[in-house]
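Q: Here you go, one structure.
The values are calculated or read from the model by the stated rules, or taken from the named source; none is laboratory data. These numbers were taken from a predicted model, which means no experiment stands behind them. Quick reminder, even Gly has a Cβ in these numbers, built from the backbone with ideal geometry, and neighbours come from all protein chains shown. Keep in mind that these areas ignore ligands, DNA and RNA; they rest on the heavy atoms of the full protein, side chains included. Shrake-Rupley method; radii C 1.70, N 1.55, O 1.52, S 1.80 Å.
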Amino acid sequence: MSLWDALGEGTGLQFVDDQAVRLVEEGMRFQKEGQYQDAAKKYESSISIEPNYVDPHHFLANTYSQIERFEDALKKYRIALRLAENFLPEKSRKNTIEQIMANLAKTIKIRSLKKGSYQNASEDFIEICNALKGPPPFYHFLLGMICSEQNLNDEAIVEFEKFLSNDKDGEVTNLAREKIEKIREKQGLRPFK
């Protein structure tokens, strides 16, 4: 059992090198200021120190998405998801995966709209599920997003409801409820309970 396993499991923390953490913090400051190239360099430096540290992969993916390097963003989201599943303690794993999946869905949507087709989103999603060796917990949420963007509203509601039947809390859960509400409102139906 590693030190991280012994100490991290109860705290919900991933123990990493202090320099790697400082680089991520610097990258976040650059990103907030819109200095995306500088932010990317900080995240890349952090990864070179701590390759299994989830945050720099996740934040680098977000940065790549912001500068429309979508293919690089998707690769980094895939890595961040794998690392979160394998290296984060259970206590913080679910929330981190939710955040990554929400950002991933947003990136897939933006990328597909830029390319003019939501078919790309379906392909990206299937590829990511395969990379994760099966559907992630947010499989139905992302399918709902894809269906709603294709105006397949009935199918979108079904997928969002499947997701909600397994997940009652969290940022992504609230987003799924909001999506159902908007679709139902467009269709003139009663609000979702």
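Q: Being surrounded by fewer than 23 Cβ atoms within 10 Å (Cβ to Cβ) and part of a helix (DSSP H, G or I) is the filter here, so list the residues in the range 41-63 that pass it.
A: Lys41, Glu44, Ser45, Ile47, Ser48, Ile49, Phe59
Q: Give the range 96-115 a look and list any residue that's farther than 19 Å from Leu83 by Cβ and open to solvent by less than 70 Å² (accessible area, probe 1.4 Å), or say none.
A: Within the range 96-115, Ile108, Lys109, Ile110, Arg111, Ser112 meet the criteria.
Q: Being modelled with pLDDT of 50 or more and in a loop (DSSP other than H, G, I, E, B) is the filter here; which residues of the range 1-31 pass it?
A: Answer for the range 1-31, where residues must be modelled with pLDDT of 50 or more and in a loop (DSSP other than H, G, I, E, B): Gln14, Phe15, Val16, Asp17.
Q: Can you pull out every residue in the range 32-53 that is among the small types (Gly, Ala, Ser) and farther than 16 Å from Gln66 by Cα?
A: Ser45, Ser46, Ser48, listed by residue number.
Q: Check Leu132, Leu152, Leu164 and return the single one that is in contact with a Lys or Arg (Cβ under 9 Å, 6 or more places away or on another chain), modelled with pLDDT of 75 or more and surrounded by fewer than 19 Cβ atoms within 10 Å (Cβ to Cβ).
A: Answer to the check: Leu164.
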